[in-house]
Amino acid sequence: MRIVVGGLLQESNTFSEASSTLQDFRKYYFRLGEQLLQPQTAENELTGFIRAAAEEERERAGEIRLLPTMFAQSVSSGRVPRRTLDELKQLLTGQLAGLPSCDGILFALHGAWAAEDHDDADVEIIEDLRRWAGPDVPIVITLDSHANVTDRMVRLVDGIVGYRTFPHVDCEETGYRAAKQLFRIMRGETKPHLKLKKVPMIVPAESHQTYRGPMYELWEEARAGEREDPSRLTSLFLVQPWLDIEEMGCSVIVQGDDPDRTEAEADRLAGLMWSKRSEFEVDLYSVPDIIRKLEADPDRSLPYIISDSADSPGAGSPGDSNFVLRRLLELGADRRWNCLLSMLDPDAAAAAVLAGEGSAVKLRLGHSVSRSVGEPLDIEAVVAAIGTGKFRFGGGTANRMEADMGRCAVVRIGTISLLLMENATFTGDPAMYRSVGLEPAEADLVLVKSANQFRAEYEKLSDRIFILDTPGASTAKIKSLTFERIPRPMVPFDENFAWPAREGENTDATAK
């Protein structure tokens, strides 16, 4: 069996002023051709594809030849420029052109990728794969659980396998499960019907955890449904909330051999998801609220982990907000509390590195990208450390993936240690601070810029975790954003409307 493998992953926030170039993909994760099959430390969908193929070959005593194309990922941003998307597509089609015909395709996508001129960039990639492979070659894709699944996407593929965890700690396992599904299709053991049910709601990502709360309960129901029907495979998608696009909404995908039972299960789970819409509300705290809590806490043995999720690079925001720093300085936190903060600011990071450790510097910080939500802040500080810019994630994203902050330095403003970086990266892992000599476990206050992913590692350090009420493109206050293109009615913008929708609004795509 000849299996084409690859992946292109990017998440778009249509409210963000950040942008991604081809270089941003090269900085974060970029493999081309035979590089895909070389050993790596990162545990992502690709390693799951490879593990499943090796296992299949051993168990079935048949040769499986993996045909590598490309696997690239960048940190989330706003709508991707058309030039960037076209450059990536050209690289992919160039790799495909050099391959022999295949028996199946495994491809990793995010599912919430929008171009500046097209709401569904992911489907452009799938269309290229289908055009090259023809109508009869099975294609199975993986998606982030925050994907916005579209009708066109479902009709072009033979299988969709989504993450089952948030924080996302099952990237490799998702790739493994997708490969197993493709092998079953190729052996003729299943010819699944894919049922897509859209649910008209958008809920804050801060409450999407899959190990407790409403999403945990939904996954318990989904797994129970899979046990009742061995051919059934379910994926649940609480869409990332910062997409102002036409085919927006949460989704349930069920695939199974019996079309009627598959459709009934999709309807059941979609109804349960809808019934829990009010359970996803999240409490937000101001910076003064946090300082008051800290001052009143008799036990300061554990750090306070505060999330400026509205400026989360993992949600497409630039990561350049100075809002929290500004408020902490106004409250005098720089004279009392050991605080760890981070900020994207290439010019300030370069100036601090150039000045060198121990130097006093005057810097203008913040909002180098997100100019519409804040202004730069002038500070005086001392350069405390200069880092290499590299660290490896634990559970902060795909396990053991390497991050590259570029030029980076820690500047100290009184008791506040501020990590300045040249490149945006996911900030939800203590390894980021540790890479420059800062220990989150020993701090009073630790800032992360992450809606939920940070919990994978930071909940090991502390149970004092709070989401901040701050301005930014990835705010939890969804109603504060100006949505113009989404279908209506839609929760939380419309109330008291009847759902499920009218009969016939399901999507039914049978395997090619």
Checklist entry - What lysines sit close enough to Lys89 to cross-link, taking a C-alpha to C-alpha distance under 30 Å and skipping anything fewer than 8 places away on the same chain? => result Lys27, Lys180, Lys191, Lys195, Lys197, Lys198, Lys390, Lys512
Checklist outcome for this item: The alpha-carbon center of segment 228-299 and that of segment 22-57 are separated, in whole Å, by 29
Next on the checklist: Could you compute the net charge surrounding Ser317? Neighbours are other residues with a C-beta less than 10 Å from the C-beta of Ser317; K and R count +1, D and E count -1.
Outcome noted: -3
Checklist outcome for this item: For segment 228-243, Karplus-derived ³J(HN,Hα) couplings (6.51, -1.76, 1.60; θ = phi - 60°; whole Hz; x for glycine and proline) come out as 6, 9, x, 8, 7, 9, 10, 9, 10, 10, 7, 4, 5, x, 10, 10
Item to check | Antiparallel content of DSSP bridges confined to segment 295-453, in %, to 5 | outcome: 60
Checklist entry - Rounded, prolate or oblate: which one fits segment 296-393, using the alpha carbon gyration tensor with axes a ≥ b ≥ c (rounded when a/c is under 1.5, else prolate when a/b beats b/c, else oblate)? => result rounded
Checklist entry - Around Gly225, with a cut-off of 15 angstrom between Cβ atoms, what is the net charge of the other residues, counting Lys and Arg +1 and Asp and Glu -1? => result -4
Item to check | Cα gyration tensor, segment 111-197 - rounded (a/c under 1.5), prolate or oblate | outcome: oblate
Checklist outcome for this item: Nearest 10, in degrees from 0 to 90: the angle of helix 171-186 to the longest Cα principal axis of the chain is 10
Next on the checklist: So if I place +1 on the C-beta of Lys and Arg and -1 on the C-beta of Asp and Glu, and nothing else carries charge, what would the dipole magnitude of segment 286-395 be about its Cα centre? I want it in debye, nearest 20.
Outcome noted: 160
Checklist entry - Charges only on Cβ, +1 for Lys and Arg, -1 for Asp and Glu: so what's the dipole of segment 364-512 about the Cα centre, in debye to the nearest 20? => result 320
Checklist outcome for this item: To the nearest Å², the heavy-atom accessible area per residue of the chain with 1.4 Å probe amounts to 38
Checklist entry - Antiparallel DSSP bridges in the chain: what percent, to the nearest 5? => result 50
Item to check | Carbon plus sulfur fraction of accessible area for the chain, probe 1.4 Å, in percent | outcome: 46
Item to check | Value at 222 nm in deg cm²/dmol, rounded to 500, when DSSP H runs of n ≥ 4 in the chain each add -39,500 (n - 2.57) | outcome: -8500 deg cm²/dmol
Checklist outcome for this item: The aspartates and glutamates whose Cα lies under 13 Å from the Cα of Lys449, excluding any fewer than 8 residues away in the same chain, are Glu206, Asp308, Asp311, Asp320, Asp429, Asp469
Next on the checklist: Restricting the calculation to Cα positions, tell me the Rg (one decimal) and the Dmax (whole number) of the chain in Å.
Outcome noted: 22.9, 70
Checklist entry - Which net charge results for the neighbourhood of Ala52, defined as the other residues with beta-carbon distances under 13 angstrom from its beta-carbon, given Lys and Arg at +1 and Asp and Glu at -1? => result -1
Checklist entry - Among Leu236, Phe497, Gln90, which residue has its Cα positioned farthest towards the positive end of the charge dipole of the chain, with +1 placed on the Cβ of Lys and Arg, -1 on the Cβ of Asp and Glu, and the dipole taken about the Cα centre? => result Gln90
Checklist entry - How far apart, in nm, are two points set 7 Å out from the Cα along the Cα-to-Cβ line at Arg2 and at Leu37? => result 1.2
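The values are calculated or read from the model by the stated rules, or taken from the named source; none is laboratory data. Model, not experiment: these values are computed from the prediction. Neighbour counts run over all protein chains shown; Cβ positions are idealised from the backbone, glycine included. Note: areas computed on protein heavy atoms with side chains; ligands, DNA, RNA excluded. Shrake-Rupley method; radii C 1.70, N 1.55, O 1.52, S 1.80 Å.
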